[in-house]
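Okay, structure first, notes after.
Throughout, read-outs are computed from the coordinates displayed, never taken from laboratory work. Everything numeric here is computed off the predicted structure, so don't read it as measured data. Here the Cβ is made from the backbone with ideal geometry for all residues, glycine too, and neighbour counts use every protein chain on show.
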Amino acid sequence: MNNHKYDAIVIGGGHNGLVNAAYLAKAGKQVLVLERRHTVGGATITEEVYPGFKYLIASYLISLLRSEVIQELELARHGLEIMPLESTFVPLLDGNYLADWPDHDATKHEISRHSKRDAEAYDEYSRTMRRLALAVRPLLDLIPPDPTSVTPNDLATMAKVKGTLSGLRKDDFYLLARLMTMSAGDFLDEWFESTPLKGTKATSGIIGTFMGPRTPGTGYVLLHHYIGDIDGVFRAWGFARGGTGGLSQAIASAARSLGVEIKVNSPVAQVIVKNGVATGVALENGDEYFADIIVSNADAKRTFLKLVDSKNLPDDFINDIKRFRISSPACKVNLALDGLPEFTSLPKGKEALLRGSIEIAPSIDYLERAYDDAKYGGWSRKPFMDALIPSLLDPGMAPPGKHIMSMFVEYASSDLEGGWNEEKKAEFLDVVIDTLAEYAPNLKNIILHKHIMTPWDLENTFGLTAGHIFHGELSLQQLFFLRPSPQWSNYRTPIQNFYMCGSSTHPGGCITGAPGRNAAMAILEDRP
Amino acid sequence: MTTIYDAIIIGSSPNALTLAAYLSKAKERVLVIEPSKYLGGIASTTSFAEGFQADLGLMSGQLNSKIINELSLSDYGLEVIERNSITSLLANQKSFTLSSDPKEAVNVIQSFAPRDAERYQKFLELLNLAKELLESAYLITPLQAHNPSVVEREQLATLLGQLHAYGRREMPEVIRLLVMSSRDLLDEWFENTELKGLLASLSVRALTQGTFASGTTFNLLHHLAIGDGYFRTTAKGGIGAICQALAKAAKSFGAEILTDTKVSSIDINDSTATGVKLENGEIIKATKVISDYDARYSFTKLVSPIDLEPEFNREVKHIRYKGSVARVNLALSDLPSFTGLNQEALKGTLVISPSVAYIEKAFDRAKYGQMSSQPFIEACIPSLSDPTLAPSGKHVMSIWLQYVPYKGNISQEQVENLAITKLSEFAPNLKSLVLQSQVLTPQDFEAEFNLSEGHLYGGEMMLSQAFFLRPLAGFAQYQTPIEKLYLCGAATHPGGGISGLAGRNLANKLSFN
């Protein structure tokens, strides 16, 4: 029994939990972070599953991390080094390919090989998406207002939202309204004609979501991924030295330097609630810790349906959490390789493209069919993949001469018919490898070791309900003041002194750090 | 002597005729020109076999009650007929029938899904709140959402006031309804697959989207708000009788109506509409011209794109139509016998939508231009409650079938065979009763009625094409880039159906001006 009392306890050492803890500590609070696994980072980690090879077993890229977080927590000083991913390579089966280079003109040249018209439209598309992303970005840093409330805080926030929207150019306002409600596919059809270009652009609309590129609502997800900024560069994905785990270590280091205490191997079993007030947490081993502020970094379902006794919550709220959609289609595959994959369509002299993102997304129809296969509880016969060879960017990720290939894969349903098991995992892993081998025939000969994280594994390993990497679908009815529940979107909960700081809250998933930072602001409003 | 009309309306949908009636009632000189032979266009009821009458396109709906009252349409022969039940046709010739009386419906649901029965009435109450909000929004010209005027801000405040009055719990619930998919909605409320399937059917009516798509709940609410919900309503004599009554009213106020008169273009001088040119070369002048047609037809065929800005033309090109509704009318020698269904149930609407996934799967094929062998069907036998539609002892069956994608080049025969085959699973003698048939695919609707991509609602009823975005952002208040040219059809707010509200809203706007 530990009687030591903290100001705040954060349940879960994911990146948002760490960010939250750091901000609270920065404001002078004494903070304890309790992480159930042996290492911090939650799904933002790097692990050595196979000797010498560092696997990005969950999240793999960093784009959306708020620059405020990087600066305010001085993450660079704590070892964060983000290497921009410079290119995207879309191999095609007809021997052709599409590439996106860091140099705008080079990209235009690539696109014009497929469509001159698209190469022209590309400039305007990039400018427009940049403007829209810039316009909605301030909304990410807001504590969502309760539109039914008339408190000064809520009214002020609503005025801010209104100000942001009415400050838009008229045509941008209309475009934003349409983009929010339409499908990524329809939106891209308006801009482009080239099949592979639309395919690769559409991927931003489906990453982490269980919708197809033709599902209305994916337009918003497309925009969500454009809000990313690394040092002010838009739609730039980055790779952290040491993998995404490097990011978590940097935040953890920043947090520790601010006085945060982090305990790993400390799974929380329950939040202790007395008379409607959270007072502490009990670990699975029976240890108890007490604090004035308890924050959960876990997803909403895990938090309120597992960690809190339901007798402490109103029925309506429990119902809101139960209905929160969290089915997930995302998997991670890691391959330890004896060499580099040889893509048939990669021209000689352009091997640099392997240093970037490699996307199996030849067309919108391809992606949509992948979704069709999975949406009734199955998996894609030809999955979408976003692959990366981290060892080319950071040689420390694999032994000399060897490589690691890390792939984000969709779709494989978390609600797989008959449930997931080891056989089915192996079967789907083969589907992924067979599909990729169509583009890089030497692949199967160079695989030393293969590893898959299905939604089932992501749930078992990280406690992510249904393995959802965004802690719940980014569908319109689950955004902003509706995330995760209409009355409780401001990081507060029906239990006094109990808060949420994970991706189930605004602005949702991806490595943004925004929920953690916003939650800290809400907490400090209540308890300065 | 040349007549100069105050208004020429091209097209004769309920919206067009409503507008004609209101304008002529306000002493304007109005000419309505319907290019097809049928007054009402796709909202007409025609004879397709000796002695048999059937609705041509839309097969249900009603005018907004304000229009019926303000124009005293019952004096002009309008008689509303309500179909008070929906029957879900399920595998193995099973079925269940829900009455429009919620208490009776609850009793039925109780027998197969007791837990859902408890929630059914609450569900309807929530839908009703959202429906009432839409009804208010549908009675006014869409508000300009970006920098609204003072008047618009007041109107917006009224709508928000209505929303706020729903209370802290219901207000966000109603907002959620507007943006969510019908799958999500029904999963939140119910457990029983078949009940969810039937309730989802309305969410995809006239839409080329599946139940998994965001915004399908909005399509459901739209149909409730225009009085064309689960329990379909029609008029004595069919949908066409609604147009006939409107036409009589309009004529009594002095409007002139021409049918079978093709308009080749709208005359434009100095960016101002001055009249129309008929296909025979005749020019008819007017101080304003109103197109009942959808935006794409209006701005590519009636108006030359040369008279418009390239940016506008580009946006017109992007409007999502994708018609996928086919209509089949059957002249039957006798009443088909649906296993387990009594005559009362046959007076209602029969629906093949056994599950939410069934609809989504039918849509999956349509995405790639194919027609699923397991279609979504709504069917009714209007002659049961309106014997004027068929010779004595004989019957008419109207079938609404989705998805028949416009781009799929699917033939009338294929559609007819599929409709009959599918319905024969429930009424084995159906095929042997068919005397004659009429089939209209999206391609037919385009060819015969100039509906872009055969879309019956002048563009999909998706959120991205609703309210201030319908038919186009910046041109959602019935106005167009051409002075004195307006749109009044289903392409404009509040969208598809028989409600006549677009016509009424525009009439209000024009008389206010």
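Show the residues, 5+ positions off or on another chain, whose built amide H is closer than 5 Å to the amide H of A:H449.
HN-HN under 5 Å from A:H449: A:A336.
When the Karplus curve 6.51 cos²θ - 1.76 cosθ + 1.60 is applied with θ = phi - 60°, which whole-Hz ³J(HN,Hα) does each residue of the range B:301-307 get, with x for Gly and Pro?
Whole-Hz 3J(HN,Hα) from phi for the range B:301-307: 9, 6, 10, 6, x, 4, 7.
In whole Hz and in residue order, list the ³J(HN,Hα) couplings for the range A:518-528 that follow from phi through the Karplus curve 6.51 cos²θ - 1.76 cosθ + 1.60, θ = phi - 60°; x for Gly and Pro.
Once rounded to whole Hz, the list reads 4, 4, 4, 5, 5, 4, 6, 5, 6, 9, x.
Could you tell me the calculated FRET efficiency between B:T339 and B:Q436, based on Cβ-Cβ distance and R0 = 22 angstrom, to the nearest 0.05?
Here the calculated transfer efficiency is 0.30.
With each label point set 7 Å from Cα along the Cα-Cβ vector, what nm distance links A:V49 and A:D309?
Computed distance between label sites A:V49 and A:D309 equals 3.9 nm.
May I ask which of A:K311/B:K103; A:K348/A:K402; A:K198/B:K131; B:K27/B:K317; A:K301/A:K425; B:K262/B:K288 have a Cα-Cα span longer than 27 Å here? Could the numbers behind the result be given before it?
Working: A:K311/B:K103 33 Å; A:K348/A:K402 21 Å; A:K198/B:K131 37 Å; B:K27/B:K317 37 Å; A:K301/A:K425 25 Å; B:K262/B:K288 18 Å.
From the list (A:K311/B:K103; A:K348/A:K402; A:K198/B:K131; B:K27/B:K317; A:K301/A:K425; B:K262/B:K288), the Cα-Cα distance tops 27 Å for A:K311/B:K103; A:K198/B:K131; B:K27/B:K317.
Write out the trypsin sites (Lys or Arg not before Pro) in the range B:67-104 meeting two conditions: DSSP loop, and at most 15 other Cβ atoms within 10 Å of their Cβ.
Within the range B:67-104, the qualifying trypsin sites (Lys or Arg not before Pro) (loop, at most 15 other Cβ atoms within 10 Å) are B:K94.
Starting from the amide H of B:D267, placed 1.01 Å from N in the peptide plane, find each other amide H under 5 Å away whose residue is 5 or more places distant or on another chain.
B:T274, B:G275, B:V276, B:K277
How much of the calculated P(r) for chain A lies past 34 Å, in percent of all Cα pairs?
The proportion of pairs with Cα distances above 34 Å equals 34 percent.
Would you mind getting the Kirkwood hydrodynamic radius of the protein assembly as shown from its Cα pairs, rounded to one decimal in Å?
Values: mean 1/r = 0.0328 Å⁻¹.
Taking the inverse mean of 1/r over all distinct Cα pairs, the protein assembly as shown comes out at 30.5 Å.
Pop the C-beta distance of A:H104 and A:T39 into the FRET formula with R0 = 51 Å and round what comes out to the nearest 0.05.
It comes to 0.85.
Using modelled amide H (1.01 Å from N, peptide plane; none on Pro or chain starts), what sits under 5 Å from the amide H of B:Q144, excluding residues fewer than 5 places away?
For B:Q144, whose amide H was placed from the backbone, the distant partners under 5 Å are B:S149.
Inside 10 Å of the C-beta atoms of A:182-193, what's the mean count of C-beta atoms belonging to other chains?
Average per residue, whole number: 3.
Taking R0 as 25 Å, what FRET efficiency do you get between A:R131 and A:K162 from their Cβ-Cβ distance, rounded to the nearest 0.05?
The formula returns an efficiency of 0.85 here.
With the crude spin-label approximation of a point 7 Å out along Cα→Cβ, what separation in nm comes out for A:N442 versus B:A157?
Spacing of the two 7 Å Cα→Cβ label points: 7.2 nm.
Leaving out same-chain residues fewer than 8 places away, which lysines sit with a Cα under 21 Å from that of A:K160?
Excluding near neighbours in sequence, the set is A:K170.
Through the Karplus equation 6.51 cos²θ - 1.76 cosθ + 1.60, θ set to phi - 60°, convert the phi angles of the range A:414-424 into ³J(HN,Hα) values in whole Hz; use x for Gly and Pro.
Working through the residues one at a time gives 5, 9, 4, 4, x, x, 7, 8, 4, 5, 5 Hz.
Using 19 Å as the Cα-Cα cut-off, could you pick out the over-long pairs in B:K236/B:K394; B:K196/B:K347; B:K94/B:K367?
Numbers: B:K236/B:K394 17 Å; B:K196/B:K347 22 Å; B:K94/B:K367 30 Å.
The answer is B:K196/B:K347; B:K94/B:K367.
Would you calculate, for the protein assembly as shown, the mean residue ellipticity at 222 nm contributed by helices, counting each DSSP H stretch of 4 or more residues as -39,500 (n - 2.57) and dividing by all residues, to the nearest 500?
So the calculated ellipticity at 222 nm is -10500 deg cm²/dmol.
How high is the relative contact order of chain A, in percent, with contacts defined as C-alpha pairs under 8 Å that are six or more residues apart?
Reported as a whole number, the value is 24 percent.
Between B:R314 and B:E79, how many nm apart are label points set 7 Å from Cα along the C-beta direction?
5.5 nm
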